[in-house]
Amino acid sequence: MASIFSQIVAGNIPSHKVAETDDFLAFLDISYLLRVHKLVIPIKEIDYLFDLPDDLYLGLHIFARKVADAVQRSVPCKRIATAVVGLEVPHAHIHLVPIDAISDLNFENPRVQLNPEEFTQLAGDIRSNLR
(Lines give C-alpha, C1' and ligand atoms only; values in the text may rest on other atoms or scores of the structure.)
Protein backbone atom coordinates (compact mmCIF):
# COMPACT_ATOMS: atom_id res chain seq x y z
CA MET A 1 0.00 0.00 0.00
CA ALA A 2 1.25 3.47 -0.88
CA SER A 3 2.36 5.69 1.99
CA ILE A 4 0.26 8.71 2.92
CA PHE A 5 2.96 10.86 1.27
CA SER A 6 2.68 8.91 -1.99
CA GLN A 7 -1.07 9.42 -1.82
CA ILE A 8 -0.46 13.17 -1.45
CA VAL A 9 1.91 13.08 -4.45
CA ALA A 10 -0.77 11.24 -6.48
CA GLY A 11 -3.38 13.85 -5.52
CA ASN A 12 -5.54 11.34 -3.65
CA ILE A 13 -5.15 13.30 -0.41
CA PRO A 14 -5.34 17.11 -0.46
CA SER A 15 -2.32 19.08 0.73
CA HIS A 16 -0.94 22.59 0.87
CA LYS A 17 2.01 22.31 -1.48
CA VAL A 18 4.67 24.98 -1.24
CA ALA A 19 7.20 23.71 -3.80
CA GLU A 20 7.41 20.87 -6.29
CA THR A 21 9.79 19.54 -8.92
CA ASP A 22 9.82 16.31 -10.89
CA ASP A 23 11.73 14.67 -8.03
CA PHE A 24 10.69 16.46 -4.82
CA LEU A 25 7.70 17.92 -3.01
CA ALA A 26 7.37 20.25 -0.03
CA PHE A 27 4.05 20.67 1.74
CA LEU A 28 2.66 21.91 5.03
CA ASP A 29 2.24 19.33 7.77
CA ILE A 30 -1.42 19.25 8.83
CA SER A 31 -0.33 18.49 12.40
CA TYR A 32 1.94 21.43 13.09
CA LEU A 33 4.74 21.03 15.57
CA LEU A 34 5.05 24.81 15.51
CA ARG A 35 4.03 27.45 13.03
CA VAL A 36 4.62 26.47 9.43
CA HIS A 37 6.02 22.97 9.95
CA LYS A 38 6.85 21.59 6.51
CA LEU A 39 7.70 18.21 5.11
CA VAL A 40 10.10 17.76 2.21
CA ILE A 41 9.98 14.41 0.41
CA PRO A 42 11.29 12.70 -2.68
CA ILE A 43 8.46 11.91 -5.11
CA LYS A 44 9.74 8.35 -5.34
CA GLU A 45 8.62 6.33 -2.33
CA ILE A 46 11.69 5.02 -0.54
CA ASP A 47 11.21 4.21 3.14
CA TYR A 48 14.54 5.18 4.69
CA LEU A 49 16.45 8.41 4.02
CA PHE A 50 19.81 6.65 3.95
CA ASP A 51 18.54 4.19 1.34
CA LEU A 52 18.07 7.02 -1.18
CA PRO A 53 20.46 6.89 -4.14
CA ASP A 54 23.13 9.59 -3.87
CA ASP A 55 21.52 11.87 -6.47
CA LEU A 56 18.15 11.84 -4.68
CA TYR A 57 19.73 12.20 -1.25
CA LEU A 58 21.76 15.24 -2.26
CA GLY A 59 18.93 16.67 -4.34
CA LEU A 60 16.49 16.36 -1.45
CA HIS A 61 18.79 18.37 0.79
CA ILE A 62 19.35 21.05 -1.85
CA PHE A 63 15.60 21.27 -2.40
CA ALA A 64 15.02 21.46 1.39
CA ARG A 65 17.50 24.34 1.61
CA LYS A 66 15.52 26.33 -0.99
CA VAL A 67 12.27 25.72 0.86
CA ALA A 68 13.88 26.59 4.22
CA ASP A 69 15.13 29.86 2.73
CA ALA A 70 11.57 30.75 1.65
CA VAL A 71 10.20 29.83 5.07
CA GLN A 72 12.86 31.96 6.77
CA ARG A 73 11.65 34.96 4.75
CA SER A 74 7.98 34.13 5.46
CA VAL A 75 7.95 33.38 9.19
CA PRO A 76 9.68 35.26 12.01
CA CYS A 77 12.12 32.84 13.66
CA LYS A 78 15.79 32.49 14.58
CA ARG A 79 16.44 29.38 12.49
CA ILE A 80 14.83 26.72 10.39
CA ALA A 81 15.52 23.41 12.09
CA THR A 82 15.69 20.16 10.21
CA ALA A 83 14.80 16.80 11.65
CA VAL A 84 14.82 13.33 10.20
CA VAL A 85 13.05 10.80 12.36
CA GLY A 86 11.87 8.31 9.80
CA LEU A 87 9.55 6.25 11.98
CA GLU A 88 6.24 7.98 11.48
CA VAL A 89 5.73 7.40 7.71
CA PRO A 90 7.51 4.79 5.57
CA HIS A 91 8.59 7.41 3.02
CA ALA A 92 11.87 9.33 3.37
CA HIS A 93 11.26 12.90 4.52
CA ILE A 94 12.81 15.90 6.19
CA HIS A 95 10.94 18.08 8.68
CA LEU A 96 11.55 21.83 8.36
CA VAL A 97 10.49 23.69 11.49
CA PRO A 98 10.92 27.40 12.29
CA ILE A 99 12.36 27.65 15.80
CA ASP A 100 13.48 30.21 18.35
CA ALA A 101 14.82 27.68 20.89
CA ILE A 102 15.98 24.07 20.89
CA SER A 103 12.90 23.12 22.93
CA ASP A 104 10.72 24.17 19.95
CA LEU A 105 11.84 21.02 18.14
CA ASN A 106 10.40 18.64 20.73
CA PHE A 107 8.01 16.37 18.82
CA GLU A 108 6.13 15.69 22.06
CA ASN A 109 5.03 19.33 22.36
CA PRO A 110 1.30 19.98 21.85
CA ARG A 111 0.45 20.47 18.18
CA VAL A 112 -0.66 23.83 16.81
CA GLN A 113 -4.10 23.88 15.20
CA LEU A 114 -4.65 26.03 12.12
CA ASN A 115 -7.82 26.69 10.17
CA PRO A 116 -7.99 26.11 6.38
CA GLU A 117 -7.56 29.81 5.61
CA GLU A 118 -4.35 29.95 7.67
CA PHE A 119 -2.96 26.92 5.81
CA THR A 120 -3.75 28.55 2.46
CA GLN A 121 -2.21 31.87 3.51
CA LEU A 122 0.98 30.29 4.84
CA ALA A 123 1.46 28.12 1.78
CA GLY A 124 1.00 31.17 -0.45
CA ASP A 125 3.45 33.24 1.59
CA ILE A 126 6.12 30.56 1.32
CA ARG A 127 5.54 30.04 -2.41
CA SER A 128 5.88 33.77 -3.01
CA ASN A 129 9.26 33.75 -1.22
CA LEU A 130 10.77 30.86 -3.21
CA ARG A 131 13.77 31.82 -5.30
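The values are calculated or read from the model by the stated rules, or taken from the named source; none is laboratory data. These numbers were taken from a predicted model, which means no experiment stands behind them. Don't worry about glycine lacking a Cβ; one is built from the backbone with ideal geometry, like all the others, and counts go over all protein chains shown. When the accessible area is computed, the model is the full protein with side chains, heavy atoms only, and any ligands, DNA or RNA have been set aside. Shrake-Rupley method; radii C 1.70, N 1.55, O 1.52, S 1.80 Å.
Some notes on this structure:
- Length-normalised contact order of the chain in % [C-alpha pairs under 8 Å, at least 6 apart]: 30
- Fraction of accessible area attributable to carbon and sulfur, the chain (%, probe 1.4 Å): 55
- Computed over the Cα atoms of the chain, the ratio of the radius of gyration to the Kirkwood radius (Rg/Rh) comes to 0.93.
- Among the chymotrypsin sites (Phe, Trp or Tyr not before Pro) in the range 36-119, those placed in a DSSP loop whose Cβ has at most 12 other Cβ atoms within 10 Å are Tyr48, Phe107.
- Net charge of Cβ neighbours under 15 Å - reference Arg65; Lys, Arg +1; Asp, Glu -1: +3
- Spacing of the two label points (7 Å from each Cα toward its C-beta) at Leu130 and Lys78, in nm: 3.0
- Dipole-positive endmost among Asn115, Leu52, Ala2 within the chain (Cβ charges, Cα centre): Asn115
- Residue-normalised accessible area of the chain, expressed per residue, 1.4 Å probe, Å²: 56
- Segment Gln113..Met1, full-extension length gain: 37.5 nm, with 0.36 nm per residue of separation and the alpha-carbon distance subtracted.
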